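The values are calculated or read from the model by the stated rules, or taken from the named source; none is laboratory data. A quick note: this is a predicted structure, and the numbers were derived from the prediction, not measured. Positions of Cβ are backbone-derived with ideal geometry, glycine not excepted, and every protein chain shown enters the neighbour counts.
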């Protein structure tokens with residue numbers, strides 16, 4: 001049996017993401033307070049919806065920071081893979097919080113549609129524009145972190161959807177200021193809720209797939225099986241499993257039946273193949289040698 005203990009390569013980048021995430025969380029907290037107060041003063045549901053979204057941003061970014069810290073802890077006899085899955089749990093919580101927020105936005109927008117309220121357009125426009133500028137700055141800060149892990153991409157999606165929400169609030173504030181269209185406020189809220197729901201659904205689906213130990217979307221199990229079977233000396237492959245421990249850390253286990261005359265280098269060929277072609281650095285391969293046929297013995301003359 002061959003076992004590869006290579007660690008995921010995303011640990012270094014994830015560690016470097018701590019400062020950008022912390023800076024973005026500080027910006028989100030300030031924007032949240034400003035939009036909440038502004039929403040109360042201007043009577044704007046769109047601003048209050050955006051402030052609620054910013055609250056989930058702050059929580060999401062805090063969870064991301066905690067998850068990255070926790071994932072650096074060494075493995076224990078009880079948790080032999082360490083604490084990598086905390087990042088996936090944080091991504092799942094972030095996605096679920098976004099879905100709940102979108103539901104609240106839809107309900108509030110429906111109520112506002114049937115019970116309109118006067119909105120102070122100019123003040124709403126100014127506050128929403130300031131929020132949009134801050135969100136764009138946060139996206140720039142997280143431009144590299146979003147490529148690292150599912151957890152960090154979830155945090156980036158939070159900020160992206162909030163930037164789009166701020167843009168909707170800016171548009172609504174402009175319409176109310178220019179034309180007095182009060183209905184633009186609940187419509188903008190619905191659009192914000194739709195953006196939030198779209199970004200969160202995929203995040204929840206991917207996090208759930210990891211927790212259910214599904215095959216990563218970029219890996220074709222049949223292609224992996226055929227590639228291993230094509231290694232010289234390998235007869236067949238069975239009990240093949242591919243799953244994700246955390247973002248960027250794919251694991252594989254399989255049984256390979258090899259010819260009785262194959263050398264020990266067949267293990268290293270398989271491992272090299274998995275790493276080079278499929279990016280799988282953590283593999284456990286059980287080698288089963290083909291039984292040699294029984295020698296034919298001449299019949300005794302009786």
Note: among 230, 205, just one is within 30 Å of residue 267 (Cβ to Cβ), modelled with pLDDT of 80 or more, surrounded by fewer than 17 Cβ atoms within 10 Å (Cβ to Cβ) and in contact with a helix residue (DSSP H, G or I) (Cβ under 9 Å, 6 or more places away or on another chain), namely 230
For region 257-268, does any single residue satisfy the condition of being touching a strand residue (DSSP E or B) at 6+ places or on another chain (Cβ under 6 Å) and in a helix (DSSP H, G or I)? yes
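Have a look at 100, 75, 67 and point out the one that is modelled with pLDDT of 75 or more and out of contact with any strand residue (DSSP E or B) (no Cβ under 6 Å at 6 or more places or on another chain).
Details: 75 fails: modelled with pLDDT of 75 or more; 67 fails: modelled with pLDDT of 75 or more.
Within the list 100, 75, 67, the selection yields 100.
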By residue number, the members of region 103-129 that are surrounded by fewer than 19 Cβ atoms within 10 Å (Cβ to Cβ), farther than 21 Å from residue 56 by Cα and at pLDDT 85 or above are 110, 122, 123, 126
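Only one of 141, 88, 99, 134 is in contact with a helix residue (DSSP H, G or I) (Cβ under 8 Å, 6 or more places away or on another chain) and crowded, with 24+ Cβ neighbours inside 10 Å; which?
On the way: 141 fails: crowded, with 24+ Cβ neighbours inside 10 Å; 99 fails: crowded, with 24+ Cβ neighbours inside 10 Å; 134 fails: crowded, with 24+ Cβ neighbours inside 10 Å.
It is 88.
Within region 139-155, which residues are modelled with pLDDT under 85 and in a helix (DSSP H, G or I)?
If we filter region 139-155 for residues that are modelled with pLDDT under 85, which is where we start, we get 141-155.
Selection gives 141, 145, 146, 147, 150, 151, 152, 153, 154, 155.
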